[in-house]
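The values are calculated or read from the model by the stated rules, or taken from the named source; none is laboratory data. Note that the coordinates shown come from a computational prediction; the quantities given were computed from them, not determined experimentally. Positions of Cβ are generated from backbone atoms using ideal geometry, with glycine treated the same way; all protein chains shown enter the neighbour counts. Areas reflect the complete protein model, heavy atoms only, side chains present, ligands, DNA and RNA absent. Shrake-Rupley method; radii C 1.70, N 1.55, O 1.52, S 1.80 Å.
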Amino acid sequence: MNTKQLKQRIAFSIFGTMSFIVVAILVIILGFIVIRGMSAISWEFLTEMPKDGMTKGGIFPAIVGTGCLVLGSMVFAFPIGVLSGIYINEYLTESWLKKFLRMMTNNLAGVPSIVFGLFGMALFVNYLSFGDSIIAGSMTLGLLALPVVIRLTEEALKTVDDNLRLGSYALGATKIQTIQKVVIPIAFPNIMTGLILSIGRVSGETAPILFTVAAYFLPRLPHSLSDQVMALPYHLYVLATSGTNMEESRPMAYGTALVLVSIVLIINVSASLLRRRIQKKVKMN
Amino acid sequence: MGKGRRIFEKVVTGVLFSSSTITSLTVILIVVFLFKEGISLFNSTPTEKNYVIAVSKVNTVPVITSNQLADIFNQDITNWKQLGGRNDSIIRLTVNDLASIFTEEELGPNLEFLPVKVNEYVKATPGVILYLSKSQLPSNFEGRVIPVKKITVKDFIGGKHWYPTTEPIPQFGIWPMIVGTLMVTLGAILFALPFGMATAIIMSEVADIRLRNILKPVVELLAGIPSVVYGFFGLVVLVPLIQQLFKLDVGETVLAGSIVLGIMALPTIVTVAEDSLRTTPRALKEASLALGASQWQTLVRVVIPYSKSGISTAIILGIGRAIGETMAVLMVTGNSSNIPTSFLQPTRTIPATIAAELGETPYGGLHFSALFALAIILFMFTIIINLTVEVIKNRNRRF
Amino acid sequence: MTQAEAKNVNVWYDSFQALKDISMTFEPNTVTALIGPSGCGKSTFLRLFNRMNDLIPLFRVEGLVTVNGQNVYSKDIRLDEMRKKVGMVFQKPNPFPKSIFENVAYGLRVNGISNRKEIEETVERSLKQAALWDEVKDSLKKSAMELSGGQQQRLCIARALAVQPKLILMDEPASALDPISTNRIEELIFELKKDYTIIIVTHNLQQAGRISDATAFFYLGELVEFNLTKKIFLNPDNERTQNYITGRFG
């Protein structure tokens with residue numbers, strides 16, 4: 001073996017080991033949470049209110065709360081995100097406006113989640129006097145998810161072959177008819193993947209809901225949009241750092257972490273399965 | 001095409017356009033609201049609204065800054081000489097102290113004699129510095145209310161002390177947090193960059209389809225785990241480990257934050273770097289291989305130089321991810337407001353400070369404004385990062 | 001001695017068979033043209049000789065491919081050493097985004113040559129051989145990307161010559177160029193024949209007729225006819241070759 005090949009072998013073995021470590025990190029984190037969390041999981045844990053200073057009982061209100069927030073944020077972000085994705089991809093040619101809108105979307109995507117929290121508090125909670133409420137939290141999370149939805153919608157629309165658009169125009173269809181009848185049906189599964197991915201993103205966020213909706217301890221279900229709720233990520237934070245009895249609430253924390261991770265991972269995995277199925281279909285056509 | 005149809009198309013286009021402006025609008029609103037709440041910090045004196053600082057009439061110091069006040073109350077400054085005044089040692093006094101100097105009889109049952117006593121005391125004590133509410137100030141005050149300098153941007157950014165709730169003089173210096181944020185971020189990148197690049201290279205240049213089908217989901221899953229879960233893992237696993245390993249009093253350190261953030265920045269770096277490595281035209285790689293270069297030589301001499309703008313983007317986006325991360329750092333860095341001098345000391349970052357303190361801060365107060373001002377600094381960091389990425393993207397990548 | 005040879009070669013991409021039982025020999029100091037319609041396998045065949053197809057997933061080869069009497073696909077062959085002896089010029093000019101000098105020097109550097117004088121001499125000789133020296137000798141430090149398309153392609157030829165290959169593979173080297181540049185490349189190929197063996201894939205039948213000694217006609221992965229160029233163009237044995245040459249399909 002000459003030095004050239006030796007060098008290559010050494011370099012690639014080091015890199016290979018390093019990527020193996022990356023895989024190991026994931027396995028360790030997930031394995032740790034699954035093993036520790038499993039013993040806490042039970043039907044009661046998933047369906048009951050927390051009790052005894054959050055050392056016993058379940059996390060049902062936090063699950064419901066996260067569900068409400070995800071739903072609320074998507075009701076807000078999904079239509080707006082898809083519509084603006086359509087506008088940017090279908091209506092704008094490479095103009096300054098397109099560049100500008102892209103840049104602003106990227107800027108928004110880069111804003112740290114805690115700044116969203118602050119902004120949500122200043123605008124929705126205080127200025128619009130929604131108070132700490134599902135509506136304030138959902139809007140804040142929705143704004144955070146908006147760039148994700150827009151970008152994924154744009155990507156989904158880009159996969160639609162231009163010839164199909166041209167074909168539709170050639171038959172006398174208008175732009176909107178073309179988008180409605182040709183572009184969206186083809187891009188639809190990919191857009192849905194985008195929706196699922198943004199749900200995954202939203203359901204794990206803590207910082208944006210800290211000051212807009214999340215309740216430290218609220219052992220009942222919400223009655224209206226102006227109620228506060230508990231939420232899984234915040235509940236985990238509370239259990240991990242500031243419970244009344246940290247030692248005794250540890251199992252609850254592991255269980256909450258496992259539930260949260262499972263939800264997020266199931267969402268991510270189903271999105272990538274969906275995507276893979278779409279790709280296969282496209283290939284077959 | 002009928003008239004109704006045309007109107008319909010116009011309306012739809014309008015709706016589409018309005019939707020697309022929401023992101024821009026949000027960015028603008030974020031700026032407006034952060035500044036609206038944050039800017040008032042710089043228009044106010046650091047004392048509480050209804051309180052004043054008073055000194056003796058013979059005192060020659062014209063104005064006083066909040067840092068000096070803090071030093072006086074911490075007894076770091078003990079003589080007016082140190083502030084350019086007369087040689088009088090400083091006697092610090094709050095209203096509560098007055099109650100212990102004078103008897104209840106002297107002050108009267110409803111404190112009606114308080115103003116008189118204040119006047120007496122101030123007259124008799126040239127070195128006095130008095131902190132009291134405006135209502136307690138005698139109408140014929142025989143001392144001097146000394147103006148307190150407004151908080152400047154320089155004090156805010158350069159100030160080394162963050163004691164936002166200290167009475168009587170809170171201090172809003174964010175230098176420790178800037179240092180903490182930068183150190184944690186630097187550590188995170190030092191960790192994430194080699195591992196991220198190695199994984200990206202393996203994925204784009206070495207791996208066969210099977211290995212790629214393992215690595216890609218791994219990276220996606222790493223990206224999907226919520227930050228609070230990383231924080232929790234760091235808290236229960238990494239922190240005790242670091243504590244034992246380095247025999248520290250507390251394991252919550254810059255290092256713990258760096259590792260957790262590094263793991264969180266990994267997916268960003270891997271994805272962006274891999275994408276950019278893949279943009280290298282196959283023709284260039286083939287030309288290199290056809291000349292007898294090994295795969296490694298091709299990587300180092302052709303692929304990496306070709307994709308260096310993409311790789312820099314990956315690094316910058318990784319920094320962006322790390323700098324703004326809140327919950328995980330909050331849970332593992334120990335929230336000390338001292339300036340860290342090594343990776344084994346606790347620290348606190350800008351986002352962690354906001355998250356930890358905003359919940360307990362009354363709306364509209366100085367502390368509240370200070371946290372928004374902190375957010376402005378953070379926001380500026382991220383805007384700079386985004387603009388840098390934009391510039392790199394638009395620059396001609398050709399040699 | 002035969003410079004290169006293919007014996008009963010079959011190639012698959014996954015389940016698709018791209019080449020079917022091809023056997024050909026290439027004599028030293030000749031130019032052989034590979035012609036045929038798109039997708040007929042001629043590029044795949046060309047790329048067997050420096051194993052460029054290895055990069056494609058699910059690629060599989062059977063049969064014997066030799067260069068200088070050495071089995072290219074044998075297990076104990078050193079791939080980089082082998083590739084060094086086989087130069088390649090690609091369809092589109094693909095200079096590295098480096099200086100003109102560094103482009104030509106690249107093959108030397110990656111093969112462990114660091115003597116500056118040696119590198120400078122080789123760069124000059126290769127550029128002269130590629131008929132580019134006079135045009136670029138004062139601007140060797142300039143980026144290769146600033147050259148015209150034709151100049152870039154001659155630079156790529158010089159780059160290939162610098163490592164002193166015996167066999168040069170050309171994959172439609174003039175298809176992206178204007179007629180004048182094409183002409184210069186053809187003249188160059190004619191010159192290079194004195195020192196090298198050249199296999200060239202081309203779409204341009206006139207070009208094949210002008211520059212090659214032998215011509216092989218590929219169709220749907222099969223070698224339909226392989227003979228002296230004159231024979232193929234004037235009096236082909238096979239009817240399909242006849243049809244292709246006279247432009248009835250393809």
How much accessible area per residue does the protein assembly as shown have, in Å², with a 1.4 Å probe?
44
Identify all aspartates and glutamates with a Cα-Cα distance to C:Lys98 below 12 Å; exclude those on the same chain that are fewer than 8 residues away in sequence.
C:Glu146
Any residues in segment B:24-52 that have 30 Å² or more less accessible area with all protein chains than in their chain alone, probe 1.4 Å, and which are they?
B:Ser24, B:Thr26, B:Val27, B:Ile30, B:Phe33
Non-local residues with an amide H under 5 Å from the amide H of C:Tyr73, with H modelled 1.01 Å from N and Pro and chain starts lacking one, are C:Val65
Percent RCO, i.e. relative contact order, over segment B:51-151, from Cα pairs under 8 Å lying at least 6 residues apart:
50
Before we go on, tell me the buried accessible area for the B/A pair, both chains summed, 1.4 Å probe, in Å² to the nearest 100.
6800
Just counting partner chain Cβ atoms within 10 Å, what average do the residues of peptide A:7-19 show around their Cβ?
6
Whichever aspartates and glutamates have a C-alpha closer than 12 Å to that of B:Lys123, once near sequence neighbours (fewer than 8 apart) are set aside:
B:Glu142
GNM flexibility winner over chain A from A:Ile209, A:Ile25, A:Ile33 (Cα, springs under 10 Å)
A:Ile25
Between A:Ser39 and B:Phe17, Cβ-based FRET efficiency (R0 45 Å, step 0.05) works out to 0.25
Please give the charge dipole size of segment C:1-139, origin at the Cα centre, charges +1 on K and R Cβ atoms and -1 on D and E Cβ atoms. Round to the nearest 20 debye.
200
Name the residue, out of A:Tyr87, A:Tyr169, A:Tyr254, whose mean-square fluctuation peaks in a Gaussian network model built on chain A with Cα pairs under 10 Å.
A:Tyr169
Straight-distance crosslink candidates among lysines, where the alpha carbon sits under 22 Å from B:Lys117 and sequence neighbours closer than 8 are dropped:
B:Lys57, B:Lys134
Taking placed amide H atoms and a strict 5 Å upper bound, the residues 5 or more places from C:Ile168 or on another chain that come that close are C:Gly87, C:Thr197, C:Ile198, C:Ile199
Hey, how many Å between the Cα centroid of segment A:113-178 and the Cα centroid of segment B:138-170?
45
Inter-chain shielding of C:137-147 (mean C-beta neighbours from other protein chains, 10 Å cut-off):
1
Charge tally in the Cβ shell below 9 Å around A:Ser113, where Lys, Arg are +1 and Asp, Glu are -1, A:Ser113 excluded
-2
How large, in Å, is segment B:51-151 by the Kirkwood hydrodynamic radius built from its alpha-carbon pairs?
13.8
Relative contact order %, segment B:127-235, counting alpha carbon pairs below 8 Å whose residues are six or more apart
12
In deg cm²/dmol and to the nearest 500, what is the mean residue ellipticity at 222 nm of chain B if only DSSP H runs of at least 4 residues count, each as -39500 (n - 2.57), divided by the residue total?
-18000 deg cm²/dmol
May I ask for log10 I(q)/I(0) of segment B:158-275 at q = 0.13, 0.18, 0.20 Å⁻¹, from a Debye sum over the Cα atoms as equal point scatterers with solvent left out?
-0.66, -0.99, -1.08
Would you kindly derive the ³J(HN,Hα) couplings of segment C:10-18 from the backbone phi angles with the Karplus curve 6.51 cos²θ - 1.76 cosθ + 1.60 (θ = phi - 60°), listing them in order in whole Hz, with x for Gly and Pro?
10, 10, 10, 10, 6, 9, 8, 8, 8
Distance in nm between C:Glu62 and A:Glu94 label points, each 7 Å along Cα→Cβ, equals 4.8
Once B:Val58 and B:Asp97 are pulled to full extension, the length gained, defined as 0.36 nm per residue separation minus their Cα-Cα distance, is 11.9 nm
As a check on your grasp of the helix formula, calculate [θ] at 222 nm for chain A: sum -39500 (n - 2.57) over DSSP H runs of n ≥ 4, divide by the residue count, round to the nearest 500.
-23500 deg cm²/dmol
Got a sec? Which residues in segment C:143-186 would a label at C:Asn204 touch, if it sits 7 Å along Cα→Cβ and we count backbone N under 16 Å?
C:149-155, C:157, C:170-186
Would you mind getting me the FRET efficiency between A:Ser242 and A:Ile28? Use the beta-carbon distance for r and R0 = 22 Å, nearest 0.05.
0.25
Would you work out if chain B is rounded, prolate or oblate? Take a ≥ b ≥ c from the square roots of the eigenvalues of the alpha-carbon gyration tensor; rounded if a/c is under 1.5, else prolate when a/b is larger than b/c, oblate otherwise.
prolate
Lys pairs, segment A:62-284 - Cα-Cα below 21 angstrom, 8 or more residues apart or on other chains
9
Segment A:62-284 - charge dipole about Cα centre, Lys and Arg +1 at Cβ, Asp and Glu -1, debye rounded to 20:
920
Between the residues A:Asn163, B:Ser309, B:Gly231, the Cα farthest towards the positive end of the dipole of the protein assembly as shown, that dipole coming from +1 and -1 charges on the beta-carbon of Lys, Arg, Asp and Glu, is from A:Asn163
Run through every distinct alpha carbon pair of the protein assembly as shown and return the Kirkwood hydrodynamic radius in angstroms, one decimal place.
33.1
Under the classification rounded if a/c is under 1.5, otherwise prolate if a/b is larger than b/c and oblate if not, where does chain A fall, given a ≥ b ≥ c as square roots of the Cα gyration tensor eigenvalues?
oblate
Using only Cα atoms, find the angle between the long axis of helix C:179-192 and the longest principal axis of chain C, and express it within 0 to 90 degrees, rounded to the nearest 10.
90
If you restrict to DSSP beta bridges whose two residues both lie in segment C:95-250, what percentage is antiparallel, to the nearest 5?
60
Across peptide A:22-34, how many C-beta atoms of other chains are within 10 Å of each residue C-beta, on average?
5
Among B:Ile72, B:Ile376, B:Ile174, which one moves the most in a GNM of chain B with springs linking Cα atoms closer than 10 Å?
B:Ile72
Any idea which of C:Ala162, B:Val260, A:Thr153 is furthest toward the positive side of the dipole for the protein assembly as shown, if Lys and Arg beta-carbons carry +1 and Asp and Glu beta-carbons -1?
C:Ala162
Vicinal HN-Hα couplings computed from phi for segment B:278-293 (Karplus, 6.51 cos²θ - 1.76 cosθ + 1.60; Hz; Gly/Pro x)
5, 6, 4, x, 4, 4, 5, 4, 5, 4, 5, 5, 5, 8, x, 6
Cβ-derived FRET efficiency at R0 35 Å, B:Lys149 paired with B:Leu111, nearest 0.05
0.70
Given A:Lys7/C:Lys7; C:Lys84/C:Lys231; C:Lys141/C:Lys194; C:Lys84/C:Lys141; B:Lys36/B:Lys81; B:Lys216/B:Lys285, which pairs have Cα atoms separated by over 32 Å?
A:Lys7/C:Lys7; C:Lys84/C:Lys231; B:Lys36/B:Lys81
Residues with amide H under 5 Å of C:Tyr219's amide H, sequence separation 5 or more or different chain, H placed in the peptide plane at 1.01 Å from N; which?
C:Val224
What is segment B:317-360 by shape, rounded, prolate or oblate, if you read a ≥ b ≥ c off the alpha carbon gyration tensor as root eigenvalues and call it rounded for a/c under 1.5, prolate for a/b larger than b/c, and oblate otherwise?
oblate
Using a 1.4 Å probe on the protein heavy atoms, what percent of the accessible area of the protein assembly as shown belongs to carbon and sulfur?
59
Calculate one ³J(HN,Hα) per residue across segment C:159-173 by plugging θ = phi - 60° into the Karplus curve 6.51 cos²θ - 1.76 cosθ + 1.60, and present them in order as whole Hz with x for glycine and proline.
4, 5, 5, 4, 8, 6, x, 9, 10, 10, 9, 10, 9, 6, x
